[in-house]
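A quick write-up on the structure given underneath.
The values are calculated or read from the model by the stated rules, or taken from the named source; none is laboratory data. All values derive from a computational prediction rather than experimental measurement. Cβ sites come from the backbone with ideal geometry, for glycine too, and all protein chains shown count toward neighbours.
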Amino acid sequence: MSSNRLKRKKLLDKLLIKNRLIILNENTFEEIFSFKLNIMSVFVSLSLGAIFLISITTVLIAFTPLREYIPGYSSTQLKKDATVLALKSDSLSNALKKNEAYIKSIQKVLNGDLEYAKFNKDSILSSTAETPEPVDLSASKEEIQLRERVDKEEKSKPEIPNSKKKAK
């Protein structure tokens with residue numbers, strides 16, 4: 001056998017040697033209890049115990065309110081409250097804009113800057129409605145070049161027959 005096999009066999013034999021762990025009363029040297037162990041079983045039991053502790057800790061933190069004490073996590077109630085407040089502030093800002101436009105138009109009427117026939121609450125509110133700015137969605141030069149390069153590469157690749165295609 002090679003030297004590596006001998007080393008492995010010796011290591012395996014050392015791991016499987018039976019040892020006895022004895023707990024004694026120090027004053028009377030009376031044996032309280034004893035265990036027959038080998039190094040392999042101790043290693044396996046300690047590894048399984050560590051995995052068990054880590055998994056229990058992870059489950060406790062992930063599925064209980066303990067996660068709120070970890071930096072970076074916030075409570076679900078706090079997230080709900082923030083969402084509700086964001087929606088309320090958005091609707092209040094829209095209402096404020098409409099009221100300001102209405103008051104400005106009333107001031108114009110009172111000052112005589114506006115014709116009386118044009119004064120209508122609906123037309124005032126529609127004038128304050130915000131229209132989204134148009135977005136340019138045309139392709140840039142780099143994007144066109146990339147598309148052409150990809151088309152050339154796809155045309156140059158040989159087609160792989162697909163056995164799953166159904167014949168028509």
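Taking residue 5, is it in contact with a helix residue (DSSP H, G or I) (Cβ under 6 Å, 6 or more places away or on another chain) and either at pLDDT below 90 or surrounded by 10 or more Cβ atoms within 10 Å (Cβ to Cβ) (or both)?
no
If residue 36 satisfies all but one of (1) at pLDDT 85 or above; (2) surrounded by 11 or more Cβ atoms within 10 Å (Cβ to Cβ); (3) not in a helix (DSSP H, G or I), what's the number of the condition it fails?
Going through the list (1) at pLDDT 85 or above; (2) surrounded by 11 or more Cβ atoms within 10 Å (Cβ to Cβ); (3) not in a helix (DSSP H, G or I), residue 36 breaks only (2).
Could you go through segment 64-86 and let me know if any residue there is in the same structural domain as residue 12 (by TED's automatic domain parsing) and closer than 30 Å to residue 13 by Cβ.
Within segment 64-86, none of the residues are in the same structural domain as residue 12 (by TED's automatic domain parsing) and closer than 30 Å to residue 13 by Cβ.
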